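Read the structure below first, then the notes.
The values are calculated or read from the model by the stated rules, or taken from the named source; none is laboratory data. It should be emphasised that the depicted structure is a prediction, and the values quoted were computed from it without experimental measurement. Here the Cβ positions follow ideal geometry from the backbone for every residue, glycine too, while neighbour counts run over all protein chains shown. SASA here: full protein model, heavy atoms, side chains in, ligands and nucleic acids out. Shrake-Rupley method; radii C 1.70, N 1.55, O 1.52, S 1.80 Å.
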Amino acid sequence: MGAGASTQRWTKDEVLAVIGVACDAAAFDGAASGGTIDTETLSRYAADPKAVLWRNLERFKEQHNELAPYGRDLRDIEGVALDKSKRQREANGSEVDFESLYVVAQQARDIFGELVDQALRFSEYAEAPAPAPAAYAEAPAEPLFVVEPLKPRSRCAEKAKTRYGGDAARILDVVRGSIVAETELDLLELYEKLRRGLDIVRVKNRFDKPGITGYKDLLLTVAVPLGEAEHLCELQLHLREVYSKSSYASYCFFRPFFLDASQTQLKQRKDVLLTLPATYEAILADNGSVGAQFFRAVFLGADRAVRDRALLFAQLPLAESSSLKDLTSRLITRDDHLLLESVADLLESADVDLRSLRRKIVLLTEEAKGKDHRSVATALVKLASCETEPTRKVKCLTRALPLYERDHGTDSVKVAAVLGNLGAAKGALGDAAGMRDCLVRALSIKEDVYGSNHPTVGVTLNNLGKALTDLGEVKSARDYLERALVINEQQYGYTDIRVGVVLSNVGNARGDLGLFKEASEAFSRALEIYTEHGAALANPLVDLGNARGCLGDHAGKRDLFQRALPMYEALHGRRSERVAYVLAGIGETYGDLGDERMEPMVEEALSIYEELHMEPEVASTLLLLAVCMGHRGAFDKQKELVERSLTIGESAQALISLAKSHGALGDAKEKCTLLEKALNMEEHEYGTDSLRLCATLYNLANAYAADSRGSKKVEVMERILSIKEQAYGEDDPRIRSALYSAGAAHASFGNAERQIVVLERALAIDEREFGKESVKVAVALTTLAEAYKKIDEEKTAASLERARDIFDLEGLDGEGIVERGPPPAPAPYQRPDSPIPESEDDDESYEDEGIAPAKEKATELYKSLQALEYKKQKILKAQEASKAEEPQVDAGMTLDLGRVPWIRAEKEHLALLREELGDDWSAIASRLGTGRTALHCEQHVQDEALRAAVAECGEKNWGLVGDRIGMNGWRAERRWKEISMGM
């Protein structure tokens, strides 16, 4: 700085950002009013940190004592809480960003001044302002109301970052005004006038709850109309005595020590400062008091830092720099890496781009220390934190990682932090596998050091779930995300915004697994949390809408998407990708609900996607438009649109749509071929046991039936049952529809034994779910009786008698039964093609005949049995009655139960029979009673042994595998290939 004093127009906040401490009142008052600061004087003040700290502390205590008596009669003014949905918006209603906030604020400033002036001049009861007395014809020396300059950008940037997570739309005091009242009565009268004349949306009574320095005022948030929206401005009502005795510099000095403190912590810290001993020496001597400990920890801990910053401040080219950005540009030419690193660290919290500075620091540190020095590793990590391009982040962190491992050990939490950041950067580049590998290592380290329930473990679990989702490992992803959810709920409570973020990820993982009910629950909770915190709602609304649609609640999905549409439109414009997505979703729900508005909505979405050249989205939207044609019966046009979609890119959904078109045109064979191809694509994407396959499998089963391939339909229905059993469990109510569908398929193919097995399981579920006397159980008993009558007349009679007893207990007649509710399994439902997966219950193939027909059938069968006096006659009658109803087996085809998956109960029974009967396969098959042959049983046992051997020895050591199971190696390899192909 030289011998002469230099000056520079620096704001108070810029001074704080550079030197980190407050100086005297005059310096800050000058900075706050736009004046100049004598940087030599500023350095002199900062060079004696203890004196600065003590002087500010004394000012803090004096101000509290001086201001305490004022405003007692104003404490009863009732506060008004701000509606959490309030945001700063542009004139068209869209939320502002940081740049547009100042554009809108400048527009609103003049309107704000006019509205406040008008409210002060007019009373509620006067239609025109009263003329001013002659004595007051001249304007007063000090105006009653002053519109302040817009709040400095640096202060707003800090406020948005530290208090609102970067959300500039929540800053409500860019436009500010103030009124100074002479007495408490004057202030009350002013408030009443303003309350009648302005739209006041928030009142903070700081006479009741003073600020950190004891300052008191009445703070009003005023809504100013601006176009189609409103701008929120701040109006402060000051009391003259309080206003004149307060020190803004004191507030600036102490504000950093109260940032991010809760209300309880604010009071505790304030009380500590107010009860410190009277002298500096007494504080240092009083080792036992909490106040002295706090003073040393918070204030004296900065002693060395204050001196270092003061010295640093003297070396900076402040007089030549016009801003912090200009300052960093000038510093790039320096070759002192320690100086540059100190400046960069000080400016971390300021709104300054530090990338060039950090890059220069890395180069200088490498020259001074060598490329493998630990300080280079630290510099690389700091550079990565401010880089905006993921490629650069990955490069920096990849270099830093081995250095951190060498210096801190491979199991250090510092290494875990680098791994976490490296994983996030790789994920941003689309390298999900790399992201997973980094996060798995980071998770292991954090769990070892912090334990499995630490918040930082929850962060890594959440990110790892995201990586696994991108890799298609959805089950593992869900497990990690569910763990992260539990940790966040325990650490932050059930309504914290961080819980909402994880809930959204959990909902997506559940949806990917086809668990749409559970996904809907997660999304509903997330939406409630986002609403409570005033966060953006468009994405949560769409997530919940998709889940509702998958559950068949198409009206609910439509309503949620319609709520999200104007939000996306305000954020991105009408011709944007997100708007197109929502338009397509609304159009889809219109189709589900039979609303004719589907076609124009989908056409608009298609035109937006075409305009943006988004080919995958164009392809999927063409499929929705094809659905419109199908609703109109224009199947040729539907087929044309689907084929056009396929020319853009082949997808499972397009193949399914084309298959349906062929089916509608009577080509069942081609429908089967296309659905098989679509199923193969879905298996590669979701896995062979995903619930997402069920809808396509149902369509394929019905296509096989239409193509006279009933045995294939049975195999598909059994596969659906197996998938749902694996997902939900063998006794879960959600598999009942699959059991009835499988039973119906076996009945149509003439396999009564297997039909009875699945129907008895379905009956047991219905009895638990609805009660043993439910009419739904009676319907199930009637269905089961029809299967029994082919092989067991006693069970037929017992089932029918139970069914009739239930019907009689319910007092149902032919007319009343129809209104009692849905049958135990839903009727077939042909969903429109959609990029959104549907509920697992949307495409059921089992068609129950309803309660009334079931009662009639039960009554008829029961009467025919009741007329027989002897069991033999009953059997003969039942056989004669059943001849006309024998199922028609596909010509030239037989059902191979060897290709039907074994259920757990069969496997357990088989194991018990083997213990009893050894290898007597004929006896085992007979005792098993599920329609399996001796060959089926023997082959199943051999295949299970083969699976165990391959799991132990691998898929290449076939000689060793053969030795394990007593089979030639080449035979074992051939059989393994057959199993893999589903043979």
Point to revise | For region 182-225, fraction of C-alpha pairs farther apart than 15 Å, in % | key: 50 percent
**Study point:** When each of K161/K393; K907/K977; K325/K360; K671/K712; K637/K660 is checked by Cα-Cα distance, pairs over 20 Å
**Key:** K161/K393; K907/K977
Study note, to complete from the structure: With label points set 7 Å from each Cα along the Cα-to-Cβ direction at Q118 and L338, the distance between them in nm comes to 6.4 nm
Check your understanding: What does a probe at E532 reach in region 551-577, counting residues whose amide N is under 17 Å from the point 7 Å along Cα→Cβ?
Key -> none
Point to revise | Å³ per residue enclosed by the Cα convex hull of region 569-687 | key: 111 Å³
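Quote the Stokes-Einstein diffusion coefficient, in whole µm² s⁻¹, for region 486-616, based on the Kirkwood radius over alpha carbon pairs, a temperature of 25 °C and a viscosity of 0.890 mPa s.
Numbers: Rh = 15.4 Å.
Diffusion coefficient, whole number: 160 µm²/s.
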Check your understanding: In terms of Cα to Cα distance under 19 Å, which lysines are near enough to K772, apart from those fewer than 8 places away along the same chain?
Key -> K795, K855
Study note, to complete from the structure: Packing-ranked peptide list from 107-116, 474-483, 932-941, highest mean Cβ count within 10 angstrom first, is 474-483, 107-116, 932-941
Revision key, fill the gap. Residues other than L910 with Cβ under 13 Å of its Cβ, Lys/Arg counted +1 and Asp/Glu -1, net out at -4
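How big is the C-alpha Rg of region 921-983 next to the rule-of-thumb value 2.2 N^0.38 Å, as a ratio? It would help to have the intermediate numbers written out before the result.
Numbers: Rg = 13.0 Å, N = 63, 2.2 N^0.38 = 10.6 Å.
This ratio for region 921-983 stands at 1.22.
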Review point. Roughly how much of R734 is accessible, in Å² to the nearest 10, using a 1.4 Å probe?
Key: 80 Å²
Check your understanding: Gain in length, H454 to D83, computed as 0.36 nm per residue apart minus the alpha-carbon separation, to one decimal in nm?
Key -> 130.2 nm
Check your understanding: Residue by residue, what Karplus-based ³J(HN,Hα) values in Hz, rounded to whole numbers, does region 693-702 have, using 6.51, -1.76 and 1.60 with θ = phi - 60° and x for Gly and Pro?
Key -> 7, 4, 4, 5, 5, 4, 4, 5, 4, 5
Revision key, fill the gap. Expressed in Å to one decimal, the Kirkwood Rh of region 320-439 from all distinct alpha-carbon pairs is 15.0 Å
Check your understanding: Mean shadow of region 202-245, computed from the convex hull of its alpha carbons, in nm²?
Key -> 3.6 nm²
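In nm, what is the difference between 0.36 nm times the number of residues separating E767 and E182 and their Cα-Cα distance? Please list the in-between numbers first.
Details: separation 585, 0.36 × 585 = 210.60 nm, distance 7.99 nm.
Length gained, E767 through E182: 202.6 nm.
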Review point. Ignoring any ligand, DNA or RNA, what whole percent of the accessible area of region 550-707 comes from carbon and sulfur when the probe is 1.4 angstrom?
Key: 49 percent
Study note, to complete from the structure: When the charge dipole of region 601-674 is computed with +1 on Lys and Arg Cβ and -1 on Asp and Glu Cβ about the Cα centre, the Cα farthest towards its positive end, among S645, L622, A664, belongs to A664
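Could you give the dipole magnitude of region 646-772 about its Cα centre, charging the beta-carbon of Lys and Arg +1 and that of Asp and Glu -1, in debye to the nearest 20? Present the calculation step by step, with values, prior to reporting the outcome.
Details: 16 positive and 20 negative charges, 67 e Å.
Using only the charged Cβ atoms, the result is roughly 320 debye.
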Review point. Among all the lysines, which ones have a C-alpha under 19 Å from K193's C-alpha, if same-chain residues fewer than 8 places away are not counted?
Key: K204
Review point. Given H placed 1.01 Å from N in the peptide plane, which residues other than close sequence neighbours of L239 have an amide H under 5 Å from its amide H?
Key: A181
Point to revise | Integer Hz, Karplus 6.51/-1.76/1.60 couplings in order for region 621-630, x for Gly and Pro | key: 6, 4, 5, 4, 5, 5, 4, 4, 5, x
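So what's the net charge close to Y243: Lys and Arg +1, Asp and Glu -1, counting the other residues with Cβ under 10 Å from its Cβ?
Numbers: positive: K216, R240, K245; negative: D217, E241.
Charge balance near Y243 sits at +1.
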Study note, to complete from the structure: Note, H373: beta-carbon cut-off 10 Å, +1 each Lys/Arg, -1 each Asp/Glu, net 0
Study note, to complete from the structure: With every protein chain kept in place and a 1.4 Å probe, the residues E650, E610 fall, from largest accessible area down, as E650, E610
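Convert 25 °C to kelvin, take the viscosity as 0.890 mPa s, use the Kirkwood radius over C-alpha pairs of region 721-767 as Rh, and evaluate the Stokes-Einstein diffusion coefficient in µm²/s, rounded to a whole number. Numbers along the way, then the final one.
Working: Rh = 10.5 Å.
Here the translational diffusion coefficient equals 234 µm²/s.
Pop the C-beta distance of R574 and R153 into the FRET formula with R0 = 25 Å and round what comes out to the nearest 0.05. Could the numbers behind the result be given before it?
Details: r = 31 Å, r/R0 = 1.23.
Using R0 = 25 Å, I get an efficiency of 0.20.
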